[in-house]
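Accompanying notes for the structure given below.
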Amino acid sequence: MSADPRVLEENISRLLRRAYVPVPVRAEFRRKLEAEVVALVTDPNFLRWRILRRWSPVIAVAALVMAALGLGWWLGASQQGDLGRSALQHSDFAAAGGGTDATNGLSSPVGVGSREARELEPPRDVVPKTEPERGSAPAPGKLALEGTVGFEDGSAPKEFTVWALREDVLPSMPSAKQFADSAGVFRLEGLSGSSYRIFVHAAGAPMVSVRGAAPGSDRSLKILIPKLGGTVRGTVVDAATGATVAGAVVISETDAPAMMLPARAMDLPADLPARCTVRADGSFELSALSVGVHTIRASAPGYGPAFVDSIDLTAGGVREGVQIRLARGAAVRGAVRGSAGESLRNVQVIASRTLEPASGRLMLFGRAVTADDGTYRIEDLSEGSYVLLVFEQGSMRPMFDLRYVTVKAGETLEVPLGASAALGSLRGRLRSPRAIPQNAMVTLQIEGSARAESWRTCPVAADGTFESTGIPAGTWSVYGTLGLGTSIIALGKVTIASSAATEAVFDAPAESIRGTVVHASNGAPAKGAVAVLYADDGGFVGKTVCGEEGAFEFPWISPGRYSLQILGGELALGHEILDGLSVSAGVSPAPVQARLEPAGAVEITVVDGDGKPIVGASLELRDGVGRLVRLADDLRSGADGRVPVRALRVGEWTIFAAKDGRRSEPYRLVPAVTGVQALRVVLTR
Amino acid sequence: MRVLDRPNPVQRPETDELRLRTLRGDREAAEQLFREHFDSLYDFVYFRVGRDLHLAEQIVQESMMTGFENLKTFEGRSSLHTWLCGIAKNKIRAYRRTRRPVPIEDILEDAGGEIDAILSQIEREPLPDSVLQRRETQELVGATLSSLPPEYRRVLIAKYLEERSVAEIASASGKSEKATESMLTRARVAFGKVFELLAKRRGELE
C-alpha cells in the first residue's frame, strides 16, 4: 500500500496523545548537571583533571611498573662508587631521609606459607588480570565514603570539591566530585576497600587533606577547613644566567590531589588548587596553602621542573624569598623498533620518575607518541633518572622491558627502544624449589662506569623463565624483584655481549631470612619499616618493606652470614642493626625481631670555610660503635647546602661531610626525640 | 492540552553559533546549548539502558561532560545531537558488555545503523485503538522520539502534544510558516519510518 500522509499524520497524532509517556527526569539531576557542564566550559577554576583523565589507562599501567622505580632508588643504596647514584637527584632536594612511605608493605612471596602471602595479590583495580578493551575503565569498587565539611565558625562552604586518592605504593587516579549547597555534606561512591587520602578544597580557603580514610566505615568523616592557610612568595630564575623566568608555572606538589603529575608546564592541569603563574618580574605567590610541609615546584617550557622542599607553613604564615632555579630541560629521544627492525608508529613512550622529598613521595612523567618513522622525543625533563616504558595505544601492558636512564640538564639522550640487532639479549631462568611468586620480575643493573642507562626490568613467567632484549654489552647484576617492586634480592651477575643471546640460570634457594619489626614503645607492628640485608663482606643482598604485621622476608638466600639494617625513616623511628644471621643449606635462621625506638631529626647544613653553602656534599653517618649506618640511599646537600636527616636513633652519632675527595672533621651529635636540631658542618679545602 | 513536566524550547539560535560562543566562555550560550540537547540526549539514553533511571543519569552525565569537554573537536560532519548520541552509544556499549541487555535496547542497538537510512521512506496504515493502549506501544513511541533529531522531536511535541498551531511554532522558532510546515512533514515521515522499523523488529504489530 502506498504511503498516505493523512493516515501517517493521524496515526502520529493519536500515538503522541495517547501513547506518549514523558521520560522521567529528576529536576535536581538536570540542574546539577547543567551547572557542572557550564562550569566546565566557562569557569577557569573549575576543578577537573583533563590531562590525567585522558592518560589514566597509561598511568594505571605505569603505576604497575613504577613500583620498580623504587628499585633505582633502592639499588643506589646498595652499591659502591658510581653505582651509588640513586633515583633521587641531589640537586633537586636537600636529601630526603631514609625509608619509604610504602603502605602496602608487600614483603613475602606467594607459596611460602606466610600469613602475609596474600598481600602479594595485585590490587585488582590497578592491575587488571586481562587486558581491558580500548577506552574502557576497570570496574569501580562498591564502597562509599561520607562526611561533612565546615569552617571553623560552623558554617559550611557553598561549593567545594572532594578528592579521594588511594593510599598505595602504586599511583592511582583520584576520584573527584563537586558539591554545592549540600550543607557541607559529601558522599563519594565507587571506592574500594582500601585507605584513602581525602582532599577538600573550597574556593579561597586552604586545601585540607586527611589521611587514612576508610570507605565503608560507619563513621562519617568530619573535615574542618581552617580559616587561614600559608603563603609562599619567591622568584623563579634561570639557574645558569640568573634571569627571571616569567610565565613559569609554580605549584604546590603537596596540595595537588594526585600522585603523579606531568613534568611539562603546559601539561599541568590548569585547575590545580595551588597553582600560579610567575609574573613578568619573575616573582610568584602561592596563597591559601595547607598547613604543613610543602614541596613547591616550578616548570617552564625549555626547562626541567625544579623543586624546593621542606617549606613548613603555619596558618597565616608567610615564607618569603623562596628562589627556584630552573635548569635547562633534558630530553630523551630515539626510535621504537619491533623485532624485525620495523618502525613502531603511534605507540606511547613514558618517562617517569619518583622523588622522595620530606613532604612525601611524588611522581612525575613525560610522554610522547611515536611518529610514522617510529621516532619519539620527550622534553622538559629535569636532570635525573627515569624509567622508560613503551605502550601500545589503549593497552595497559608495557611492550618491552622497563629501561632506566639518567639524563643531564640541557642534554638530549638518545635511547633506542624495542628490539635492536646490535644489542645483546638474555634468556634466563630462576631455578627454585619454591613456586615463583606472581608478578615476580628480574632487574638487571649495569656495573662499571656510570652510564646513561643503568638498569632494566622484565617479568618472570611462572616456570621461572624470563627474557630481556636490547641490552647494551657489559656486566650486569641480576636481582629478583618481588612484591611489585617493593622487594629485591641479589641473584648474581651476567655478562652480555653485543649482538648475542646469552643464556643463564640463577639459583633461588629455598632458605630465607625473615622477621618482624615493631615499635619499641608499645610493640605495635612497624608497617612500612625498611629492611636491608647485607652479606658479611658488606655487599648488598636485598631490600624489602615490612608488611601489615611488621613482617618481612628475604627469600632465595644462599648459605652464608648476613646482617640486617632495619630503617624506620618514614615512621620517625630509629634504626636497628642485627648481625650474625647464619644461613646453611636447608636451614634458615629463626625469625628475628627488631624493636625500633623513637628517633630524632636534624637539619645539617654543609658550608665551606667562608660560610657559603656547598651543594652535593655527601654525608656519612656512624653510630656510637662506629658502624656505618645507611639511613637513606644518598644523603647529599641540596642547593642551599641543607640535608634534612630523619630517623636518628637516640644515642651518639658521628657525622662526616665529603665532596670531591675532601672530608670534614667528625661532628658528634646526640639527637633529641622532639624537635629538629640544626648542625652546621664545615667542609674546607 | 497536556502539561509536560519538562521544558520544550522551540526557539533556538543557530547551534553552531552557540557552540562557538560556548567555546569562548559565554555562560549564557553554554546554558542554552545544554538545554537544547539535554532532553533529546536523555531520552536517547533512557531507552537504550532499559529505562534504568540511575544508569541513564550516569551515562548522560558522562556523555555531556565528555561532549562539552571536547566541544572544540566537533567538526560539524553530523548534527551536534548525533555527535553527542555517538558518545553516549560508546559509553552504553562499554556498559552493556557487563550485563545482559533487555529487548528494547537490543532493538535500538540493532536498529541504530539503519534509522537514518529509513528517514526518507513513507508507509503507514491507520493504527487500531487497542495498539495505542499497549505498554509496548508506549515504549516504542518513546524509543522512536529518542531516535529522532531534536528539532523533529520538538516540532512533533509542540504540534501534537502541546497542540500549538503551525503559526505559533513558526513564531517561536523564528522560522517561516512554510519552513515549519516542511519541518513537520519531514518529522512525521521520520517518525513513521523509525516506528515501523522498531515495531517490525519486535514483531507484535501487524
Cross-chain or 6+ apart pairs with Cβ under 6 Å, the stretch A:462-484 first and outside the structural domain of A:T544 (by TED's automatic domain parsing) and within 13 Å of A:P437 (Cβ to Cβ), then among the small types (G, A, S) and open to solvent by 20 Å² or more (accessible area, probe 1.4 Å): none
Among residues of the stretch A:305-346, those that are open to solvent by less than 50 Å² (accessible area, probe 1.4 Å) and under 28 Å from the mean Cα position of the chain (by Cα), counted: 19
Unique match (being out of contact with any strand residue (DSSP E or B) (no Cβ under 9 Å at 6 or more places or on another chain), within 18 Å of A:E9 (Cα to Cα) and outside any helix (DSSP H, G or I)) among B:E163, B:E181, B:E151: B:E163
Residue that is surrounded by the fewest Cβ atoms within 10 Å (Cβ to Cβ) [pool: residues in the stretch B:67-88 that are of a type in the set (S, T, Y) and without any contact (Cβ under 8 Å) to a residue 24 or more places away in the chain]: B:T73
Any chance A:T684 is farther than 22 Å from A:I513 by Cα, of a type in the set (S, T, N, Q) and in a strand (DSSP E or B): no
Qualifying positions in the stretch A:232-285 - within 22 Å of A:T314 (Cα to Cα) and outside any loop (DSSP other than H, G, I, E, B): A:V232, A:R233, A:G234, A:T235, A:V250, A:I251, A:S252, A:R275, A:C276, A:S283, A:F284, A:E285
Some residue of the stretch A:298-313 being aliphatic (A, V, I, L, M) and touching a helix residue (DSSP H, G or I) at 6+ places or on another chain (Cβ under 6 Å): yes
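Here's the yes/no breakdown for (1) of a type in the set (G, A, S); (2) under 30 Å from A:F284 (Cα atoms); (3) touching a residue at least 60 places away in the same chain (Cβ under 8 Å):
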| site | (1), (2), (3) |
| --- | --- |
| A:G341 | yes, no, yes |
| A:V349 | no, no, yes |
| A:M363 | no, yes, yes |
| A:D372 | no, no, no |
Residue within the stretch A:640-661 that is open to solvent by less than 10 Å² (accessible area, probe 1.4 Å) and part of a loop (DSSP other than H, G, I, E, B) present: yes
Yes/no for A:L272 being buried (at least 24 other Cβ atoms within 10 Å of the Cβ) and touching a strand residue (DSSP E or B) at 6+ places or on another chain (Cβ under 9 Å): no
Among residues of the stretch A:542-593, those that are touching a Lys or Arg at 6+ places or on another chain (Cβ under 9 Å), outside any strand (DSSP E or B) and surrounded by 15 or more Cβ atoms within 10 Å (Cβ to Cβ), counted: 13
Residue in the stretch A:528-541 that is assigned to a loop (DSSP other than H, G, I, E, B), open to solvent by less than 10 Å² (accessible area, probe 1.4 Å) and more than 21 Å from A:L648 (Cβ to Cβ) present: no
The stretch B:27-62, subset over 24 Å from B:V155 (Cβ atoms) and polar (S, T, N, Q), residue farthest from the other protein chains (Cβ to nearest Cβ): B:Q58
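The values are calculated or read from the model by the stated rules, or taken from the named source; none is laboratory data. None of these values were measured; they are calculated from a predicted model. Neighbour counts run over all protein chains shown; Cβ positions are idealised from the backbone, glycine included. Surface areas here come from the heavy atoms of the whole protein model, side chains and all, with no ligands, DNA or RNA. Shrake-Rupley method; radii C 1.70, N 1.55, O 1.52, S 1.80 Å.
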